Amino acid sequence: MLNTKKVTNDSEDKLQVMDLYEEAFPPYERMPFDLMLELNAIDNVDLCSVYDDDEFIGFYLMIKSHNLAYVSFLAIVPDKRSQGYGSRVLNFIKASYPGYDILLDEEPVREDTDNYEQRLARKRFYEKNGFHSTHYLISAYGQDYEILSTGDDFEISDYLNVFYSIGFTGFKPEVKVTE
């Protein structure tokens, strides 16, 4: 059975979460881990390690604002990938944040990219788990990301307010509307 623990500086699993974070995300996508821990002290932020019973299987960073819950980071340990844990964690998140539309962003699927197949598989995975395109693309920190949601009513201003709610008032990505 899945369960979570809030990650703090004193958590026994802090190093496991940090190692997985560095393994799963390229440097250009990461924020400093200490900043993640600082954000976790804010009421609307949850940095959680995820367990299947007592076994560490991953983590996520969630930011809540009004009726949105934004999955900023989500990773499953390498030897547990492709075993259904990603879907289980997403379902756990949906159940843990009732009344919230769950948002996340991903690299857009483009045939001219080196990792086209990986992006396509990721998109299919999210669609299988109830996410759909909001038809918004943001460009931030030199990268493009497509915003996906579980809800039907999406406003880009609400997405930006998620970041403003944690003090990221300087976050001003270029916003593009897709098909």
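The values are calculated or read from the model by the stated rules, or taken from the named source; none is laboratory data. Quick caveat: nothing in here was measured; it's all calculated off a predicted structure. Ideal geometry is used to build each Cβ from the backbone, glycine not excepted, and the neighbour counts take in all protein chains shown.
Among the residues of the range 129-175, just one is aromatic (F, W, Y) and loosely packed, with under 13 Cβ neighbours inside 10 Å, namely Y141. Taking F163 as the residue in question, decide whether it is in contact (Cβ under 8 Å) with a residue 60 or more places away in the chain, in a helix (DSSP H, G or I) and within 24 Å of R81 (Cβ to Cβ). Criteria not met by F163.
Return the residues of the range 24-38 that are in a helix (DSSP H, G or I) and at pLDDT 95 or above; say none if nothing qualifies. Those that are in a helix (DSSP H, G or I) and at pLDDT 95 or above: A24, F33, D34, L35, M36, L37, E38. Selection within the range 49-93: residues that are part of a strand (DSSP E or B) and polar (S, T, N, Q). The member of this set that is nearest to the chain's Cα centre (by Cα) is S72.
Yes or no, residue by residue, for (1) among the hydroxyl-bearing types (S, T, Y); (2) touching a Pro at 6+ places or on another chain (Cβ under 8 Å):
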| site | (1), (2) |
| --- | --- |
| E23 | no, yes |
| M31 | no, no |
| M36 | no, no |
| I42 | no, no |
| S49 | yes, no |
| V77 | no, no |
| K80 | no, no |
| Q83 | no, no |
| G86 | no, no |
